[in-house]
Amino acid sequence: MFDGIAYRYDFLNRFLSIGIDIRWRKKAIRQLTDLKPKTILDVATGTADVAIMAAQNLQPQKITGIDISEGMLAFGRKKIDKLALNHLIELLKGDSETINFPDNSFDAVTVAFGVRNFQDLEKGLGEIKRVLKPGGKLVVLEFSKPKAPGIKQLYNVYMNLVAPNMGKLFSKNRNAYKYLDESIKKFPEGKNFTLILDNLGYTNTYCKPLSFGICSIYCGVK
């Protein structure tokens, strides 16, 4: 599915969010400013938006992005090449639930709009914790469901009607954007997600809702 929409993925992200997704990513990356990570793993990197933004804003020594979609990675590599960031960012095919790196490999791990796609959420988050160094930080950016009256109703109309039809119009794949809504509904957001992190042994966990709760940042430390 992601291979099929890769060529329109960045455009639709900007279009469907009216560009707000860029601000969300920047706010997520700022959660790592004090840590000053030298090595970063970007899980479910897609077309490498977060990896590129982290390289530009955090000045790490190395960023590795992994994703199961070769189609998305191909577009990410083109962007990295165009920005001359090949020396800093490497994209590899990889699965969040079997991360092919030794224990204690990274100062920080980021996941933007990817954890809700993990087949086994706890296994994926456990693998991330394994490859984090002690004191390393996980930053997750993920969609959530707004609760405020009015906003909630507008959001439901947008996700059920507008996003799938725009996805069909521009990427010829309505089902991918219907899946987006379905996966958000199933995702254990807010305190439910931080509780999962707590139970896996992460510390200093917190959740920061953004844009009336349409999106949230989750963090935890190994």
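The values are calculated or read from the model by the stated rules, or taken from the named source; none is laboratory data. Everything numeric here is computed off the predicted structure, so don't read it as measured data. Every residue, glycine as well, gets a Cβ built from its backbone with ideal geometry; the counts of neighbours run over all protein chains shown.
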Spans of helices (runs of 4 or more DSSP H) in region 73-178 with at least 3 residues at pLDDT 95 or above and of a type in the set (Asp, Glu): none
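Name every residue in region 184-201 that is part of a helix (DSSP H, G or I) and farther than 14 Å from VAL111 by Cβ, in order of residue number.
Once the filter is applied, which keeps residues that are part of a helix (DSSP H, G or I) and farther than 14 Å from VAL111 by Cβ, region 184-201 yields ILE184, LYS185, LYS186, LYS191, ASN192, THR194, LEU195, ASP198, ASN199.
For region 67-88, what are the residues that are in contact with a Lys or Arg (Cβ under 8 Å, 6 or more places away or on another chain) and closer than 24 Å to ASN117 by Cβ? If you could, list the steps in order and put the result at the bottom.
Here is the first cut: in region 67-88, the ones in contact with a Lys or Arg (Cβ under 8 Å, 6 or more places away or on another chain) are 67-68, 70, 73, 88.
Answer for region 67-88, where residues must be in contact with a Lys or Arg (Cβ under 8 Å, 6 or more places away or on another chain) and closer than 24 Å to ASN117 by Cβ: ASP67, ILE68, GLU70, LEU73.
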